[in-house]
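Report on the following structure.
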Amino acid sequence: MRVESSISRNAPADGQQEHWDGEASTGHVLKPGELDLSHNVILYLDDITVSFDGFRALNALSLQIDAGELRCIIGPNGAGKTTMMDVITGKTRPDSGKAFFGQTIDLTRMTEPQIAHAGIGRKFQKPTIFEHHTVFENLELALKTDKRVKKSLFARLFGDDLDKIADTLRQIRLADQADRPAGLLSHGQKQWLEIGMLLVQDPKLLLLDEPVAGMTDDETERTAELFVSLKGKHSLMVVEHDMAFVEALGGKVTVLCEGSVLAEGDLATVQADPRVIDVYLGR
Amino acid sequence: MRRFLLSLGLVLGLCATGARADLDPAALKGLASDDFDAKQAAITGLAATGDADAERVLKALADDALAVAGGRVVITAGGQVLDAASGAAIKPAPANPESIGLNNALRQQVDGALAALRLFSADRAERLAAAKLLLADMGDGAALLPILDKAVKAEADGEIKTILAQLHAQARLTSPDAAVRLAAVQTLGESASPAVKALLLPLIEKQGDAYLETDDKVRYAAQTAIKSIEGRLAWSETAGQIFTGVSLGSILLLAALGLAITYGVMGVINMAHGELLMIGAYSAYAMQTLFRASFPDFVDYYLVAAVPVAFFVAALVGMAMERTVIRHLYGRPLETLLATWGLSLVLIQAARLLFGAQNVEVANPVWMSGGVQIAENLSLPWNRLVIVAFSGFVLLLVWLMMNKTRLGMFVRAVTQNRPMAGCVGVPTARIDTLAFGIGSGIAGLGGVALSQIANVGPDMGTGYIVDSFMVVVLGGVGQLAGAVWAALGLGVVSKFLEGWAGAVIAKILVLVFIIIFIQKRPQGLFALKGRFVEN
Amino acid sequence: MRTPASIKLVAGLGPKGWLAVAITALVAWVLVPLAHLMLPESHPLHVSTFAITLIGKILCYAVVAVAMDLIWGYGGILSLGHGLFFALGGYSFGMYLMRQIGREGSYQSDLPDFMVFLDWKELPWYWTGSDHFLWAIFLAVAVPGVIAWIFGYFAFRSRIKGVYFSIITQALTYAAMLFFFRNETGFGGNNGFTDFKRILGYSITAPETRLVLFGLSVALLLGTLILGRVLIASKFGKVLTAIRDAESRVMFIGYNPLHYKLFIWTVSAMLCGLAGALYVPQVGIINPSEMSVANSIEIAIWVAVGGRGTLIGPVFGAAIVNLSKSWFTTSFPEYWLFFLGLLFILVTLYLPQGVVGLWAKLTRREAKAAAAQAKAETPAAPAARNSESNAAELPAGAAKGASA
């Protein structure tokens, strides 16, 4: 707990860009648990297998996401997309395989809050926000701060934090809704609020599970814009079925099928792959 | 003592020659003597004849029917007076027969002598019974030794002979001859009876500095014999504990099976489950009352009638509960918990008003009393055996219902995906009610079983609710197999702990164990793993 | 930038809140004692000893109800074992009261009577220091606190929640009750502690002592309410309700729910312990039946009747249920369980927000009626309807959240 929370505080927010430019930093001494992006890889999954009562949800899955990348994951239902996110965020422990955040942080040994502190944020398939708290409070809770009990008993918001929340409110277009209970928002607004909660958390890697489900076309478009603008500063992994949206994001695409990677590449290449057409796209 | 043995030997010698004749009137006279020793000698003498006439006389003596009239010993039976020696009626009946009294010590001796006599009975069952009686309480071994000598030689039946051999050895332990004692100890070493162990124990004890048993060989033999008896005893003791554990487990299982359906499968926390048990038990009581009043000839079969009655009464109450309260609380487990607790209070108070606050008496039918003797110190009571079998039967029914019937399929479908089940035409609301009714009915059956071994009162259910939930929690939600293993495991473990630490501490230890267990396997013994578990 | 705690306290309660506190304090510490001591018994405003004891008892229950509400109403964790913490506090202080009897027991021994009866020659080790008042108070807080912490740590760590947690807490108090029933445990077995004589040397039955205990009960309740208010208004409170509503989200934004739950759980248990310590001298007895399963569930119904998720609700709930209980048990003893049972059923079915929620609904309806009359010709603008249905929908959601 202590170690993990020190990472998020110590990791220099503006120094990150240098690492992400890909210079192999030899001789760089890391504090234990600090995010090491020396090989420009932010997430490294190797040979991960998860089975539920004999059913292999993930089958020797290997996947690598570069720092600053925007990666889309597509695949038919039951391909293991959500289970993969469960493994990355510590909700499910893999039966075998490695999951590393950067070069040094072993995700398979950490709890969900520790992983969140290390810098991975997650948006669920169904928007999960705090419905009885106001929009403002939702963001306040998600804010990147010391999240231990003792601090929260006497916590107060500083000017910087207020600014950060105000910025995010504008970014997710909920500034005029700040004092409404979040439960009263529309479905699309809830999706945005959840994304906003990820943003104030300032994670290095965002996992987004079907972020535009239930959004209008207009909202979808704006979401795509937002994600593209985040690219570079953050790494993103987006699970989505909406091909138009995937196309709008324009990054590399990974196709999952039956718990392992079927194809990888840009959207056009993937769409042309006969195996992908067979299991997912065509038919 | 010496004199007594001597007289016994004398009598034995006498009767060996004078077989089949009438009893010796002189020996009978001894019975009428005022001298304790003479009386005792006479009794032993009679016993040693192994004669039917002697038995008749001793029986009369035990029944206070032996008397002295006109200088001879007679038996008074009804209006008649019989000659004790020949058994012939004396006519005219002598006036004022003077009854021969017995004190307690003598009475005991007469009983022992009667048992010893029956060892020569023509009826095998009677001989066996007599042998067993002596095994349980032999009394003065030395006195019996001559009779046993004779009986062992005469006996042809294997089973009885084994017992007699043991009795014989037991009697020979008192022999002054070390070799005889040694042989006796070796024979006794083959027994599995706590009584025999107690018999051998003095042989290895010390009094002051000296051992009670002076002969080293005999003492060592006794030590080995005790060890081997203890080994056999331990086995049957363990078996006994396992059995009581299994029977406790099967009661837990009956209490928990209904819960495995209502909570395990439907996800409804029913705190009034214990009261459904109580309703089942009161149904048994009501049937008993009905049979006693209306069909006194069939009163032993009231329990058979109580089974369906309890099932339907409890099922109806359960369905009413589901319709009026629980239905409105699906998906809100904590509210369900509180509301059903309220239901349980109402049911308890209703039972108090209907049947009174006191416990009522529900009797075991005759065919359920007694037990099966498995070993010397292990007897399985019929009522528990019947309950174990009954719970196995109910388990089978539940399994068949859940896995082989359409209703069971519907129930499983509704619990796995309610909207989808509704879409494909499963009447979800009716299925809920029915399933809840069946779970409640099974609780009613559990109540019938409970009525046979526990107190029946308005509060009886509250004691079982914690236990039954523990079974379901331990077994894992939605798992019949889990419930079975958890119930039997809990039953056996708590019985063993009880033997070791007492009932209360055992209960606490079991609860602590469950809390620790749930640390390791929060989803129970037979958990379903997967993404859907937490949803 | 940190605000001093005192300012936060003042701000947290608001002027209305402080006024209510002041009035309650005035009534409890001045008017009630005056009415009890000064007025003759025949006077209509005389407060009888019976009333003081009854209200004092209910005040202790109210503290337990508020403590329960903190964990259930705000944390979403239904404990069916709070009776245990209450009783542990009571037993801790009861030990002191037993020692204060001195040699005036039936056996004229230094040891409590039940120990003489068991033929014990000296006090067991855990009775060490029980003759010190402060140590007893410390125990009354620390014992429930430590037990709650240990139990909570293991339960929350393995993510036992919802009904599972309720059942396990029920088993816990059940096991404790069995344990305390044993004579060898050293707490008076079946009979528990009773026949108290003195407290700090003062006679326990003296009206002044009773008034002091009464005043302390009021103080404890006010203190609990203020503490609750501060906790709930802080960020801690927001995280707590967030855990209640969406625990996994809380974890994925980096909070460890374990520590939050554990903190409020332990605080709640310690408050119960204090309430128990005040309860025992007023009622004059503590025995293992306080730990019965039924007692603990009853605490939940106080909170439910009053309205969970509000701080004042549980106070009303405890008062309503317990006043009804004392009326029923004297007038219609055989119907009390029916009443209580139906209360459980009806409140959960029809009054998920308790009487406080009902009150809020009624006043809102009145306000609405007034507003509707004001603009009689406009048949409810869509916006108005929208906010209205939202407002109506939210409490139902709150109830659901608390039960999940």
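The values are calculated or read from the model by the stated rules, or taken from the named source; none is laboratory data. Keep in mind the model is a prediction, meaning the values are calculated, not measured. For neighbour counting, all protein chains shown are included, and Cβ atoms are generated from backbone atoms with ideal geometry for every residue, glycine included. Quick note on the areas: whole protein, heavy atoms, side chains included, nothing else; ligands and nucleic acids left out. Shrake-Rupley method; radii C 1.70, N 1.55, O 1.52, S 1.80 Å.
Summarise the accessible area of chain C (1.4 Å probe, protein heavy atoms) by the percent that is carbon and sulfur.
Accessible surface attributable to carbon and sulfur in chain C totals 68 percent.
What is the Cα radius of gyration of chain C over 2.2 N^0.38 Å, N being its residue count?
Its radius of gyration relative to the 2.2 N^0.38 Å reference: 1.07.
If one takes the accessible area of chain B alone plus chain C alone and subtracts that of the pair, with a 1.4 Å probe, what total in Å², rounded to the nearest 100, results?
Summed over both sides, the interface buries about 3800 Å².
As a test, work out the antiparallel percent of DSSP beta bridges whose residues both lie in the protein assembly as shown, rounded to the nearest 5.
Looking only at bridges with both residues in the protein assembly as shown, the antiparallel portion is about 70 percent.
Using amide H atoms built 1.01 Å from N in the peptide plane, name the residues 5+ places from A:Leu262, or on other chains, whose amide H lies under 5 Å from its own.
Result for A:Leu262 returns A:Val255, A:Leu256, A:Cys257.
In region C:243-260, which residues give up 20 Å² or more of accessible area once the other protein chains are added, compared with their chain alone (1.4 Å probe)?
Buried-area filter returns C:Asp245, C:Ala246, C:Ser248, C:Arg249, C:Met251, C:Phe252, C:Ile253, C:Gly254, C:Tyr255, C:Asn256, C:His259, C:Tyr260.
Please report the carbon-and-sulfur percent of the accessible area for region A:129-201; probe 1.4 Å, protein heavy atoms only, DNA, RNA and ligands left out.
Carbon and sulfur together cover 50 percent of it.
At each listed q (0.15, 0.23 Å⁻¹), what is the log10 of I(q)/I(0) that the Debye formula gives for region C:13-141 modelled as equal alpha-carbon point scatterers?
-1.01, -1.22
In Å², rounded to the nearest 100, what is the total accessible surface buried by chains A and C against each other with a 1.4 Å probe?
Adding both sides of the contact gives about 3200 Å².
Tell me, what is the FRET efficiency for A:Ala178 and A:Asp218 to the nearest 0.05, using R0 = 22 angstrom and their Cβ-Cβ distance as r?
0.55
Considering Cα pairs under 8 angstrom that are at least six residues apart, work out the relative contact order of chain C and quote it in whole percent.
29 percent
I'd like the distance between the alpha-carbon centres of region B:424-502 and region C:148-198, rounded to an integer number of Å.
Distance between centres, Cα-based: 23 Å.
How large is the helix-only mean residue ellipticity at 222 nm for chain A, computed as the sum of -39500 (n - 2.57) over DSSP H runs with n ≥ 4, divided by its residue count, in deg cm²/dmol to the nearest 500?
The per-residue figure over chain A is -9500 deg cm²/dmol.
Output the 0 to 90 degree angle, nearest 10, between the alpha-carbon long axis of helix C:162-181 and the longest principal axis computed from the alpha carbons of chain C.
Between the helix axis and the principal axis of chain C, the angle is about 10 degrees.
Please report the relative contact order for chain B, taking Cα pairs under 8 Å with a sequence separation of at least 6, and give it as a percent rounded to a whole number.
RCO, chain B: 15 percent.
Take each complete run of DSSP H in chain B, measure how far its Cα atoms stretch along the helix's own axis, and keep only those covering 27 Å or more with mean Kyte-Doolittle hydropathy at least 0.0; list them.
B:216-259, B:273-294, B:302-324, B:333-355, B:382-404, B:428-451, B:480-501
Quick one: grab Rg to one decimal and Dmax as a whole number for chain B, Cα atoms only, in Å.
So, for chain B, Rg and Dmax equal 32.7, 103 Å respectively.
Give me the lysines in straight-line cross-link reach of B:Lys153: C-alpha distance below 22 Å, same-chain residues under 8 apart excluded.
Partners within reach: B:Lys132, B:Lys161.
With only alpha-carbon atoms counted, please give the Rg and Dmax of region B:346-505, in Å.
Gyration radius and largest Cα-Cα distance of region B:346-505: 19.1, 63 Å.
If you take the charge dipole of the protein assembly as shown about its Cα centre, with +1 on Lys and Arg Cβ and -1 on Asp and Glu Cβ, which of B:Gly101, B:Met321, C:Phe117 is farthest toward its positive end?
B:Met321
What's the center-to-center distance, using Cα atoms, between region B:243-275 and region B:279-336 in Å?
Between the Cα centre of region B:243-275 and that of region B:279-336, the gap is 16 Å.
Which value in nm describes the separation of the simple spin-label points at C:Ser289 and A:Arg275, placed 7 Å from the Cα toward the beta carbon?
Result: 7.4 nm between the two label points.
Report, largest value first, the span of the C-alpha coordinates of region A:165-283 along each principal axis, in whole Å.
Its Cα atoms span 51, 28, 24 Å along the three principal axes.
Can you give the charge dipole size of the protein assembly as shown about its Cα centre, rounded to the nearest 20 debye, using +1 on the beta carbon of Lys and Arg and -1 on the beta carbon of Asp and Glu?
With only Lys, Arg, Asp and Glu charged at Cβ, the dipole is about 1560 debye.
Hey, got the average number of other protein chain Cβ atoms within 10 angstrom for residues in C:330-338?
3
For chain C, what is the mean residue ellipticity at 222 nm derived from helices alone (per DSSP H run of n ≥ 4: -39500 (n - 2.57); sum divided by total residues; nearest 500 deg cm²/dmol)?
Taken over chain C, the calculation gives -23500 deg cm²/dmol.
Please give the direction-averaged projected area of the C-alpha convex hull for region A:101-244, in square nanometres with one decimal.
Over every viewing direction, the Cα hull of region A:101-244 projects on average to 9.6 nm².
Based on alpha-carbon centroids, what's the gap between region B:164-190 and region C:77-123 in Å, whole number please?
Cα centroid to Cα centroid, the span is 58 Å.
Quick check on chain A: take the gyration tensor over C-alpha atoms, sort the square-rooted eigenvalues as a ≥ b ≥ c, and tell me if it's rounded (a/c under 1.5), prolate or oblate.
It comes out oblate by the Cα gyration axes.
Can you find, among C:Ala25, C:Leu97, C:Tyr126, the residue sitting farthest towards the positive end of the charge dipole of chain C, where Lys and Arg contribute +1 and Asp and Glu -1 at Cβ?
It is C:Ala25, whose Cα lies furthest towards the positive end.
Between chains B and A, what is the buried accessible area summed over both chains (1.4 Å probe, protein heavy atoms, nearest 100 Å²)?
Approximately 500 Å² gets buried when B meets A.
May I ask you to list the aspartates and glutamates whose Cα is less than 12 Å away from that of C:Lys121, ignoring any residue fewer than eight positions away on the same chain?
In chain and number order, the partners are C:Asp110, C:Asp113.
I need the phi-derived Karplus couplings for region A:190-196: 6.51 cos²θ - 1.76 cosθ + 1.60, θ = phi - 60°, integer Hz, Gly and Pro marked x.
Couplings: 5, 4, 5, 4, 5, 4, x Hz.
222 nm [θ] for chain B, helices only, -39500 (n - 2.57) per DSSP H run of 4+, per residue, to 500?
-22000 deg cm²/dmol
With 5 Å bins from zero, work out the P(r) of region B:123-280 over every alpha carbon pair and list the percent per bin.
Percent of Cα pairs in each bin: 2, 8, 13, 14, 12, 10, 7, 5, 5, 5, 6, 6, 4, 3, 1, 0.
So what is the relative contact order for region B:334-424, in percent, with contacts set as C-alpha pairs under 8 Å and at least six apart?
Worked out over region B:334-424, it gives 11 percent.
With a probe of 1.4 Å, find how much accessible area the protein assembly as shown has per residue, and write the answer as a whole number in Å².
On a per-residue basis, the protein assembly as shown sits at 44 Å².
If you bin the C-alpha pair distances of the protein assembly as shown every 10 Å from 0, what whole percents do you get?
Per 10 Å bin, starting at zero, the Cα-Cα P(r) for the protein assembly as shown comes out as 2, 8, 13, 15, 15, 14, 11, 8, 6, 4, 3, 2, 0, 0 percent.
Students often forget the sequence filter, so: which lysines lie under 19 Å Cα-Cα from C:Lys197 once same-chain residues fewer than 8 apart are removed?
C:Lys57
In the protein assembly as shown, with Lys and Arg counted as +1 and Asp and Glu as -1 at Cβ, which of these residues, B:Asn383, C:Ser326, B:Ala421, has the Cα nearest the positive end of the dipole, that is, farthest along it?
My answer, from the dipole projection, is C:Ser326.
Cross-link list C:Lys238/C:Lys361; B:Lys206/B:Lys227; A:Lys164/A:Lys233: which exceed 20 angstrom alpha carbon to alpha carbon?
C:Lys238/C:Lys361
For A:Arg122, enumerate residues with amide H under 5 Å from its amide H, sequence gap 5+ or separate chain, H modeled in the peptide plane.
Hits under the 5 Å cutoff: A:Leu207.
Mind listing the long-range amide H neighbours of B:Val81? Cut-off is under 5 Å, sequence gap 5 or more, other chains count too, H placed in the peptide plane at 1.01 Å from N.
B:Ile90
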